[in-house]
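Here the structure comes first, spelled out in structure tokens, and everything after it is commentary.
The values are calculated or read from the model by the stated rules, or taken from the named source; none is laboratory data. Values in this document were obtained by computation on a predicted structure and should not be read as measured data. Backbone-built Cβ (ideal geometry, glycine too); neighbour counts: all protein chains shown. With ligands, DNA and RNA removed, areas are computed over all heavy atoms of the protein, side chains included. Shrake-Rupley method; radii C 1.70, N 1.55, O 1.52, S 1.80 Å.
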Amino acid sequence: MTKVRDSNSSGRPHEADVIVAGGGLHGICSAFNLAMRGAKVIVLEADYVARHSSGVNAGGVRTLARPVPEIPLALLSREIWHALPDLIGDTAGFTPTGHMRIAESDEDLAVLKDRVAQLESMGYTHERLIDRESVFELEPAISRHITGAIWVERDGYALPFRTATMFRLAAQNLGAVFLEGTSVLHIEQRGTRWSAQTSRGTFNAEKLLVTAGAWSGELASQVGEPVPVRAEGLMLMVTHRVAPFIRTTLIGTGRPLSFKQFDNGTVVIGGKLIGLADLASRHGEVDFMRLVKSAKTVIELFPHLTHLGVNRSWAGVEAFTKDDLPVISESRKASNLYYSFGYCGSGFQLAPACGQLVAELMLDGSPSLSLDAFAINRFNAV
Ligand SMILES: Cc1cc2nc3c(=O)[nH]c(=O)nc-3n(C[C@H](O)[C@H](O)[C@H](O)COP(=O)(O)OP(=O)(O)OC[C@H]3O[C@@H](n4cnc5c(N)ncnc54)[C@H](O)[C@@H]3O)c2cc1C
């Protein structure tokens, strides 16, 4: 592997083994794993590290209710979350509260029973069906119309910006270089090396990884590899502080909901609530009418919150694909080009495992878990 070297008067390194385009959590975790394997890595970030989804998400560390192809990755990731102090010297605020997917009707309960039966037939036992009495034992304050739930004890939540910062520091300690305010404008393979032209000069490396979130489609199309990725503005709201009343993180079945209370008493309410996203201005916008609907859901579940005020709300720009699965793949058009993006509102939990698997894909040619379901060319067949 070559050494990162300074090649211009600014002192910034412009040559590496791997250039990572995009400094969200997936770029950071990939850089960390690549650096741990001895690669010289430069991460180019258009704004600042974790400015977008990776820094503003709900922090849900959830294996519960994953699309089936993602389950092996989510289970691997969960083990890494539990072992973070050994890996990066910090917990990243990970708190194993458990996650519960609640049924609010007999129809919801039938959906949950089918889900658990399907998973069990595939050998997965991490999602466990519990009856309504068990729900009330775990969450005594919840409304009595609940009919049952799926319970996953080892899930939890973490603090997004702290997670990104601690993985970034760990990567930097291994030699990875992060350049912020450095937008990749054009990518091109010149001979055996990739060049990334940016707002702050040209950077070159043997391998290029695109982790540019909702902006990745533009870079992929530059190498003739269009991919149906779109941006959505995912919303969250945070309430004033209230006395502790809930321990686990809740998600809905028949209606969108993601709900947790932090130790400081604030309640975070989300659940893939779609607002507005503008890629060009790199900005997400809240749709207040949608938020009102979610607030009503919360009040139906916890009537004592009726008069609780909302402190703030926001929308982060997130990448979605046509089949709700990410693209984690080598390019099918060019050598030494790789992608990891399109995490469809659930990529925070997956990042530690995906960073490891992407590094294996890029350095060994074959990852320790199959990434076939996430190949970039799968859309061609649809
Ligand atoms: C409100 C909200 C709540 C969420 N809640 C959860 C949750 O509870 N649990 C969960 O698992 N997931 C959650 N997610 C999803 C999760 O945050 C994302 O899937 C994940 O952070 C995506 O990470 P990323 O690195 O792929 O993308 P991003 O975080 O978007 O990072 C991509 C980076 O690339 C940079 N970039 C773009 N173009 C260029 C370019 N040309 N040159 C250089 N840099 C570029 C961007 O500036 C950005 O920093 C949530 C998302 C949102 C918005």
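The table below lists the values:
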| item | result |
| --- | --- |
| Within region 333-343, considering residues that are in contact with a Leu (Cβ under 7 Å, 6 or more places away or on another chain) and within 8 Å of the ligand (Cβ to nearest atom), the one farthest from LEU208 (Cα to Cα) | TYR343 |
| Failed condition for ALA214, given (1) open to solvent by 30 Å² or more (accessible area, probe 1.4 Å); (2) closer than 28 Å to ARG312 by Cβ | (1) |
| Test for GLY89: is it in contact (Cβ under 8 Å) with a residue 60 or more places away in the chain, farther than 24 Å from ASP324 by Cβ and within 15 Å of the ligand (Cβ to nearest atom) | no |
| Residue in region 46-55 that is among the hydrophobic types (A, V, I, L, M, F, W, C), touching a Lys or Arg at 6+ places or on another chain (Cβ under 8 Å) and open to solvent by 20 Å² or more (accessible area, probe 1.4 Å) present | yes |
| Residue check for ILE142: within 16 Å of the ligand (Cβ to nearest atom), more than 30 Å from ASP90 (Cα to Cα) and not small (Gly, Ala, Ser) | no |
| Criterion violated by LEU109 - all others in (1) of a type outside the set (Val, Ile, Thr); (2) farther than 19 Å from THR165 by Cα; (3) crowded, with 24+ Cβ neighbours inside 10 Å satisfied | (3) |
| Set SER368, SER281: member being open to solvent by 60 Å² or more (accessible area, probe 1.4 Å), among the polar types (S, T, N, Q) and under 26 Å from LEU84 (Cα atoms) | SER368 |
| Single residue of ALA353, ALA381 found to be at pLDDT 95 or above and either small (Gly, Ala, Ser) or in contact with a Cys (Cβ under 8 Å, 6 or more places away or on another chain) (or both) | ALA353 |
| Count - residues of region 233-244 that are open to solvent by 40 Å² or more (accessible area, probe 1.4 Å) and either modelled with pLDDT under 95 or farther than 23 Å from PRO303 by Cβ (or both) | 0 |
| For VAL68: the one exception among (1) over 29 Å from ASN173 (Cβ atoms); (2) surrounded by 17 or more Cβ atoms within 10 Å (Cβ to Cβ); (3) under 17 Å from the mean Cα position of the chain (by Cα) | (2) |
| Count - residues of region 294-306 that are more than 16 Å from the ligand (Cβ to nearest atom) and either closer than 27 Å to ALA214 by Cα or open to solvent by 60 Å² or more (accessible area, probe 1.4 Å) (or both) | 5 |
| Every pair of residues 6+ apart whose Cβ atoms lie under 8 Å, when the first sits in region 221-250 and is free of Cβ contacts under 8 Å to residues at least 60 places away in the same chain while the second is small (Gly, Ala, Ser) | PRO226/GLY217; PRO226/ALA220; ARG241/GLY265; ALA243/GLY265; PRO244/GLY265 |
| Failed criterion for THR266 (all others in (1) within 23 Å of GLY55 (Cα to Cα); (2) open to solvent by 30 Å² or more (accessible area, probe 1.4 Å); (3) of a type in the set (Ser, Thr, Tyr); (4) modelled with pLDDT of 95 or more hold) | (2) |
| Number of the exception - LEU73 against (1) without any contact (Cβ under 8 Å) to a residue 60 or more places away in the chain; (2) farther than 30 Å from GLU137 by Cβ; (3) open to solvent by less than 30 Å² (accessible area, probe 1.4 Å) | (1) |
